[in-house]
Amino acid sequence: MRVRKNLPRYRSRAAVAAACLVVIGLMWAGVMVALQTDRTLAIESRHRENGNLTRVFAENVTRTIRAADITLDQMVSEYQRRGKAFDLVEYARMGSLYLDPATLLSISDETGELILANIPPPAPVNFSRNSNHQYHTKHDTPGIFISEPRLGTTTQKWTVYLSRRINKADGSFGGITVYGLDPAYLAKLYTAIDLGADSVFNLIGRDGIMRAREDISKFSAGQDLSQSKLFTQDLPAADHGGFIRESTVDQVPRISSYRALTDYPLVVAIGTSLQVALAPYEARKSQYLEAAGTVTAIILGFGLFAVRMIGRNQRANEGLRQSETRLAEAQKTAHLGSWDLDLVSNHLVWSDEIYRIFEIDPARFGASYEAFLNAVHPDDLAVIDKAYTDSVAAHTPHQTLHRLLMPDGRIKWVEQRGQTWYDDAGRPLRSAGTAQDITEKVLAEQQLRRSIAEKDTLLREIHHRVKNNLQIIASLLYFQARKVKDPDDLAAFTDGRERLRAMILVHEKLYQSAELTRIDFGGYLRSLVRQLAESQPHQDQRITTRVEADDDALPLEVAQPCGMIVCELLLNAFKYAFPDARHGEIAVRAVNTDGRMTVTVSDNGVGLPADFDTKSAGSFGWQLINALVTQIDGTIAATSGAGTTVTVSFPLPEAVQ
């Protein structure tokens with residue numbers, strides 16, 4: 001009879017307990033799924049970042065080796081033409097602009113004897129046993145050969161030797177040209193990027209021999225990876241990809257991406273420590289588990305409270321006290337405390353979490369508004385006091401952010417929220433609110449800003465590399481032009497160099513500007529006109545130039561073609577507007593009117609033929625001008641009277657307008 005009487009009570013308790021268990025189970029299942037998804041996303045994100053970096057490094061290595069290949073080809077040509085009279089030391093000195101990564105330039109004959117070098121050795125040297133000499137002796141191919149890294153005989157540095165075969169007039173083997181490449185230079189870009197502890201950059205030959213290995217602490221080379229899974233499994237399946245495994249060199253587990261170079265037998269691989277990559281995930285995991293544990297405890301406490309509410313009032317009161325304990329734990333987990341200020345008695349009540357945030361002993365706290373102000377950072381004191389008093393006077397809630405200066409010098413960031421209650425006469429009675437420790441959030445935002453700055457550094461370096469590569473091409477055109485005798489051919493080479501300089505100047509301005517996607521168009525025009533004027537053979541300054549342009553910031557896709565148009569018009573004016581050593585002036589003007597840029601190039605020279613039409617002009621320069629005007633959706637018009645005026649007008653992007 002007694003059991004039957006108490007059965008409804010037990011059923012209610014069982015139902016409450018079952019509901020709590022179901023909610024807890026669903027919550028933990030969701031937490032586990034979220035954690036697994038978070039881990040997968042963290043690894044995939046690192047794979048993508050590493051994959052993008054391998055592409056950038058692969059392009060950088062390809063450009064470096066291609067520049068070295070051009071140098072080797074020039075050395076072969078010069079040696080075949082001039083023989084031992086070829087001054088390799090002077091050649092290296094003149095080409096120092098684009099020979100930065102080179103540690104040695106040399107030429108050896110068919111027996112391996114060193115006959116020319118930019119750094120002459122102290123004693124005769126024979127390279128017949130080196131892999132470069134042996135390869136070219138056996139293979140009559142025009143391609144470049146890249147050796148394993150070895151200690152240079154002359155330079156005493158670890159060096160990767162790039163070489164080309166020299167053939168005699170009858171086609172037989174006549175020796176080789178050698179370009180000693182500092183392998184550490186290939187990893188130079190790596191030092192500008194912080195990938196965390198135990199990260200590594202590898203440059204490996206397709207033979208499996210390490211050409212360069214760079215990590216935070218040291219540089220190394222020469223390791224044999226031909227039997228690693230990268231060469232036995234990954235590269236045979238795809239020329240680029242990624243994997244997670246322990247390194248065969250230092251046994252550190254890493255998230256790695258690799259990419260084989262298209263033009264050269266090399267592989268670029270970047271590895272990030274698995275532990276470092278997953279460190280943010282592990283921190284979030286601890287927070288998730290701690291929060292889930294706290295919520296679980298709260299749910300169980302609520303269930304226990306509900307069960308005890310069915311019983312006696314004593315059990316209900318006990319359950320209430322446990323619920324308050326769980327609430328305090330939840331506040332601790334969230335770093336969120338509550339406060340209550342009696343404005344009549346000036347008595348301030350803090351929750352335990354606020355004492356922990358402020359790191360103040362409750363027994364030593366004055367429990368007043370003035371005691372709170374004494375705990376605030378001195379530099380934030382006036383701002384906090386004014387924000388609170390203004391909100392009380394305006395009958396509005398307040399939200400403030402301030403710092404705490406700890407006794408050991410640490411800084412904490414706290415966000416305060418609160419509101420005030422008033423009596424019927426409008427007199428303030430009580431203020432209450434919350435205080436949350438957001439130090440971790442502020443530090444995370446600061447870290448994000450540093451990360452963005454690192455990406456800007458990488459983009460700035462790319463613009464610098466593009467400018468340098470274009471400068472190499474311009475230098476090659478200059479050296480080639482010195483061999484040209486025909487005036488028309490020489491003019492073509494000169495015009496080509498001036499067009500390149502217009503493009504080089506764009507990337508130089510981007511590299512120097514604070515904003516990497518736009519350049520000061522007015523400053524760019526002034527620099528361009530000055531460079532072109534200085535390069536003209538008018539030592540008596542019979543032709544003067546004038547530039548009138550506002551400092552509008554234009555994006556690269558508009559500034560570069562517009563600059564090349566101005567370059568072509570200036571070259572035409574310098575060549576044809578002032579024959580027979582006439583004096584004159586060339587003016588360039590750029591005006592932004594209602595979202596449309598108008599660029600005018602005018603001179604007071606002899607003018608254009610009466611039947612001249614810009615659309616039907618057959619010269620290469622005018623064809624290039626028309627193509628560039630079409631590219632920027634512009635229009636062009638030319639008038640001739642007392643000189644020539646060419647006007648180009650085009651719309652500006654909305655972001656510039």
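The values are calculated or read from the model by the stated rules, or taken from the named source; none is laboratory data. As the structure is a prediction and not an experimental result, all values here were calculated from the model. Cβ coordinates were reconstructed from backbone atoms using ideal geometry, including for glycine residues, and neighbour counts include every protein chain displayed. Note: areas computed on protein heavy atoms with side chains; ligands, DNA, RNA excluded. Shrake-Rupley method; radii C 1.70, N 1.55, O 1.52, S 1.80 Å.
Provide the gained length on full extension for the span residue 527 to residue 399, in nm with one decimal, where the gain is 0.36 nm per separating residue minus the Cα-Cα distance.
Stretched out fully, the residue 527 to residue 399 stretch lengthens by 41.0 nm.
Suppose R0 equals 45 Å. What FRET efficiency, 1/(1 + (r/R0)^6) with r the Cβ-Cβ distance, do residue 349 and residue 442 give to the nearest 0.05?
Working from the Cβ atoms, E equals 0.95.
When you count, for each residue, the other Cβ atoms within 10 Å and take the mean per peptide, how do 338-344, 62-68 rank with the highest first?
Listed from highest to lowest mean packing, they are 62-68, 338-344.
How large, in percent, is the carbon and sulfur part of the accessible surface of segment 222-316 at a probe radius of 1.4 Å?
Taking all protein chains in place, segment 222-316 shows 55 percent carbon and sulfur surface.
What would the Debye equation give as log₁₀ I(q)/I(0) for segment 231-299 at q = 0.16, 0.17, 0.24, 0.27 Å⁻¹, counting only Cα atoms as equal point scatterers?
-0.68, -0.72, -1.03, -1.14
Given a 1.4 Å probe and every protein chain left where it sits, what share in percent of the accessible area of segment 40-116 is carbon and sulfur?
Ligands and nucleic acids excluded, carbon and sulfur give 50 percent.
With every protein chain kept in place and ligands, DNA and RNA left out, what is the accessible area per residue of segment 171-285? Probe 1.4 Å, answer in Å². Display every interim value, and only then the final one.
Numbers: 4730 Å² over 115 residues.
On a per-residue basis, segment 171-285 sits at 41 Å².
If Lys and Arg each add +1 and Asp and Glu each add -1, what is the summed charge of the other residues whose beta carbon sits under 11 Å from the beta carbon of residue 260?
-1
Hey, rough spin-label estimate for residue 248 and residue 386, points 7 angstrom out along Cα→Cβ, what's it come to in nanometres?
6.7 nm
Work through the residues other than residue 136 whose Cβ is under 9 Å from its Cβ and net out their charges, Lys, Arg +1 and Asp, Glu -1.
+2
To the nearest 0.05, what FRET efficiency results for residue 368 and residue 237 with a Förster distance of 56 Å applied to their C-beta separation?
So, using R0 = 56 Å, E works out to roughly 0.20.
What number in nm² do you get for segment 585-657 if you take the convex hull of its Cα atoms and divide its surface by four?
5.3 nm²
Roughly speaking, what is the stretch gain from residue 541 to residue 631, that is 0.36 nm per residue apart minus the C-alpha to C-alpha distance, in nm to one decimal?
Between residue 541 and residue 631, full extension yields 28.9 nm more.
Order of 600-607, 120-127, 647-654 by packing, highest average Cβ count within 10 Å first?
Ranked by mean Cβ neighbours within 10 Å, highest first: 600-607, 647-654, 120-127.
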